[in-house]
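Before any comments, here is the structure.
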Amino acid sequence: MTVAPTIESFEQFEAATEKLLIPPFRSSFGAIEWRNRKLPRRRLQFLVEDWLTSTGISIIGGRSSCGKSFLALHLGLCIARGVDFFGLTVRRCGVVYQAGEGGLGLLDRMEAYAQHFKVPDDEDIAFAMLPGKIDIFTKEKKDVDLFIEEVKVFSAQWEEKFGFPAGFVVIDTLKKAAPGIDEISGKDNAVVLENVSRIERETHCHVCLVHHTNADGKKLRGHTSLRDDVDQVILIEHDKETGIRDAVLDKIKDGEDGRKIRFSLISVPVRTETMGDGTTKEFTSCAIVTVSEKERLKKEQERQGFSVSPTERRILMNFFETLDRHGKFIANDKEGPKAAVGKVVVDYRDYVTVALEKMLEVEDKTKAREQIRKEFTRAKDGLIKYGVLKMVNPYLWWDGKAVRGFARTFPKSKNPDETETNTGQIADNPISPGMAELFDTDGMSAL
């Protein structure tokens, strides 16, 4: 038997109908109720394990010359290549590095990274360096629009080529990217951070700002809102005496702060250019290594010998030939400099004479002498600093450093397997690829 529905009054029917017509409630703020907390949804992920989130804004801060830009570049290249960052897992993605400070100088830094980490020339990387300046303080936002558009173009290209989009953007430095900003003004910083947030939102990239700290290096320079409104802050502490740097995770919203990475910089030769006067100049840049790796390289250097540049090698070949032909033993401080007592020295003028004999292609001897002088001047500071040569004008002598390629600089007991060529130099012994370039030659950048 069918039961008849309950008869409702028109008023009851109207009230029920109106309730059905009311749209369901939707949170304007993305509310997640407790009972729904475990439902599948986008969760917090890390770009760099326990250090940087896959989205958000971070700052790498430090005093001038502390290595903050080197660390930011190293970080970006690790992410682009998908290799660990100081043992921390990274999520591989494309990287755009805006180099407002340093500009084309980053090309040498990129080459130093490639040399040190043995990146093959045919290895393509989802990395783009933008040396052009950007203005993220402008209210018209034209630069910001262009920058976002460019990141998106690279992102699409990388997704098609590598299978992943851009995910990390570096702006180096904040000061250069915000010309005219009053750093202690909360209002000015708010404009900048809003533009940076827009870059982060529209490119779906983590944005890292490279910034300066105050005089003591303990706090970010400028208004406190800068630190308050970003997700992570990494501060670089630099011990100038030891050259050791500490990257300290000063702030992280969702994680444990206070973590530390200890690193150092080593000098890497990146290119050679012929100067207008005919002399050659070796250019170096720096790569980042752990402190333990630097110690390992130094021990390897001691075993294999100090690695010299082509210019330094030429100078040493001329020096040792001069030593054989014109060397003078200093028995006491009446015969020569006190520091040279017990040493065999050469007169710099004899060195020049020997070097001139090797420059038959230069007909003008005055010009040739000047070329020899300039080349020697550029190289001597590094050779002296690392104990290869010693000089008290006008005398030169070997200071005891073992030099790779020069058998006479090694104690025989330390090199029992060495064989000599007819030039009196060590025949090249096999070493790990690129090891010569990895040896620490800090101070040679002045060549």
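The values are calculated or read from the model by the stated rules, or taken from the named source; none is laboratory data. Please read all numbers here as calculations on a predicted model, not as lab measurements. Glycine gets a Cβ as well: all are built from the backbone with ideal geometry, and neighbour counts include every protein chain shown. Side chains are part of the model used for accessible areas, which takes the heavy atoms of the whole protein and leaves out ligands, DNA and RNA. Shrake-Rupley method; radii C 1.70, N 1.55, O 1.52, S 1.80 Å.
Once segment 354-379 is narrowed to residues that are without any contact (Cβ under 8 Å) to a residue 12 or more places away in the chain and of a type in the set (S, T, N, Q), the residue that is nearest to Glu312 (Cα to Cα) is Thr377.
Those residues that are closer than 23 Å to Leu193 by Cβ and among the hydroxyl-bearing types (Ser, Thr, Tyr), I need them from segment 103-156; list them, please. So that I can check it myself, show each step before the final result.
Start the filter on segment 103-156 by keeping residues that are closer than 23 Å to Leu193 by Cβ, which leaves 130, 132-152, 155.
Within segment 103-156, Thr138, Ser155 qualify.
Pairs meeting the criteria (first residue in segment 95-115 and among the basic types (Lys, Arg), second residue part of a strand (DSSP E or B), beta carbons under 9 Å, at least 6 apart or on different chains) are Arg109/Val270; Arg109/Ser285; Arg109/Cys286; Arg109/Ala287. For segment 258-274, the count of residues that are outside any helix (DSSP H, G or I), touching a Lys or Arg at 6+ places or on another chain (Cβ under 6 Å) and open to solvent by 40 Å² or more (accessible area, probe 1.4 Å) is nonzero. Note on segment 190-202: residues that are polar (S, T, N, Q) and open to solvent by 10 Å² or more (accessible area, probe 1.4 Å) amount to 1. A residue that is modelled with pLDDT of 85 or more, of a type in the set (Asp, Glu) and exposed (fewer than 13 other Cβ atoms within 10 Å of the Cβ) occurs somewhere in segment 344-366. Screening segment 203-222 for residues that are buried (at least 19 other Cβ atoms within 10 Å of the Cβ) and more than 23 Å from the chain's Cα centre (by Cα) and picking the one that is modelled with the lowest pLDDT gives Gly222. Beta carbons closer than 6 Å, at least 6 apart along the sequence or on distinct chains, pair a first residue in segment 277-306 that is assigned to a helix (DSSP H, G or I) with a second that is open to solvent by 20 Å² or more (accessible area, probe 1.4 Å) for Val291/Ile244; Val291/Arg262; Gln304/Arg404; Gln304/Ile431. When segment 373-408 is limited to residues that are assigned to a strand (DSSP E or B) and of a type in the set (Val, Ile, Thr), the one that is surrounded by the fewest Cβ atoms within 10 Å (Cβ to Cβ) turns out to be Val392. If you filter segment 113-126 down to residues that are part of a helix (DSSP H, G or I) and at pLDDT 95 or above, you find that the one that is surrounded by the most Cβ atoms within 10 Å (Cβ to Cβ) is Tyr113. Would you be able to say whether some residue in segment 277-294 is under 22 Å from the mean Cα position of the chain (by Cα) and open to solvent by 80 Å² or more (accessible area, probe 1.4 Å)? Checked segment 277-294: at least one residue is under 22 Å from the mean Cα position of the chain (by Cα) and open to solvent by 80 Å² or more (accessible area, probe 1.4 Å).
Among the residues making up segment 226-245, a single one is over 25 Å from Asp182 (Cβ atoms) and open to solvent by less than 20 Å² (accessible area, probe 1.4 Å): Gly243.
Condition check for Val95 on (1) more than 24 Å from Glu293 (Cβ to Cβ); (2) in a strand (DSSP E or B): one failure, at (1).
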